[in-house]
Amino acid sequence: MTKQCLEVVTTGERICRAVSSVSDESQKIANSSIGAEALLPVPQSMSLTTLEANIIAYGAGVLWTTGGLKNRKQAHEMTWRVLKLREKHMESLSATEVNSNEHVLLANAYNDWALQLMNEGKYMDARAFSQRSLDIKERHLDTRTNQFEFFISKILLAVSELAEGLYVQSLVTARSAINHIVEEKGHEDPYTQHWMFHVANIVAGTGDFQKALELHRSALQARVALFGESSYAALDSYFSVGFCLYKVGDFMAASKSVAQCIGISESAEWASECLLRARYLEALILKELGGGNNGQQSESEINIIAERNQWLTEFGEDEWKTPGESCQEEFIYFDYLVNMHSGRTTVGQSPIVP
């Protein structure tokens, strides 16, 4: 399904560029007055630049939600192009043509670029873009009627703060973010609990796994109800619940939760990066259930880490290509395999903060 979606995106982008090229050539002919009477006006209800950016942004969104490390470079190129197209379009407008929708598109392009940088493990670099996104929205949008727009900018800002070690501030910002959804839909609404998944990951990043577990369980219940048990969102939540259970020492329950997402992964076409991370967690849990192996890595752990390291060497960037010897938490690098949409609980522990 992902491949077909990206093929549609690529086709749409090519069409936009081709039409834009024809339109530009037609304008040249019109300006020279040669054959001008034969030209028909091109409808401009949406600029071709905006349409092209919308199409590419959809493709990047597909990669963020269904992919991981292996197609991160493609997502990088697509997201950067969207940002440049949004800026180009905004610069082409007169003051009277700019409306709140134009501001939202540009603000979200900055926020999407922040998300892409976070996917790449560049949390510090991302902060300026998520802050710029939020600043635009605060200047041009009504907080009472655009709740989700403020949520998506603030929640990424909270992740950046967490990466800086600003644990208390990141929790304050995350709470402020989810309050926008609560304000619109109410605390118990399934969609509120669905988005609480991202707050839970920030809570886990501060080390409060018991609280994170409570939030992740609520998110899991909502996601299964909203999207089905075999949805990407539900599988990500099953994993996160399992991870938190492992961290609080409930290994039997953790084993069941992780087995659930691994068991459904093939039919759900879960990203291979997500599956490898889940297999690693399963290996850790099984080791604990077997007595801990005197603190030594099991054969399964060693094999999974070796497979991960091959992926890091082939697809990773800069410091992320090779896990440092000083890193005592292998999970940091397994989190790097997956995108932020799938949930990372080790942001606050990362030894790499570019």
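Of the GluC sites (Glu not before Pro) found in segment 154-230, the ones in coil according to DSSP and having at most 11 other Cβ atoms within 10 Å of their Cβ are GLU188.
Past 28 Å, Cα to Cα, is the threshold; run LYS122/LYS256; LYS73/LYS256; LYS122/LYS247 against it and keep the listed order. Beyond 28 Å between Cα atoms: LYS122/LYS256; LYS73/LYS256. The distance from the alpha carbon centre of segment 252-311 to that of segment 158-232 is 24 Å, rounded to a whole number.
Computed from the C-beta positions of LYS70 and LYS256, the FRET efficiency with R₀ = 30 Å rounds to 0.55. Length available on full extension from THR96 to SER300: 0.36 nm per residue minus the Cα-Cα distance, which gives 67.2 nm. Across segment 295-312, coupling constants 3J(HN,Hα) worked out from phi with the 6.51/-1.76/1.60 Karplus curve, θ = phi - 60°, read x, 8, 5, 7, 4, 4, 4, 4, 5, 5, 5, 5, 5, 4, 5, 5, 5, 4 Hz, and Gly and Pro carry x. Holding the Cα-Cα limit at 23 Å, pick out from LYS154/LYS321; LYS70/LYS287; LYS70/LYS321 the pairs that are longer than that. Pairs exceeding the cut-off: LYS154/LYS321; LYS70/LYS287.
Here r is the Cβ-Cβ distance between SER176 and GLU314 and R0 is 45 Å; the resulting FRET efficiency, rounded to 0.05, is 0.70. Modelled label positions at LEU289 and GLU87, each set 7 Å beyond Cα in the direction of Cβ, lie 5.1 nm from each other.
Where a number appears in this text, it was derived from the coordinates with a stated rule and is not lab data. What you are looking at is a predicted structure, and each value in this text was computed from that prediction instead of being measured. Backbone-built Cβ (ideal geometry, glycine too); neighbour counts: all protein chains shown.
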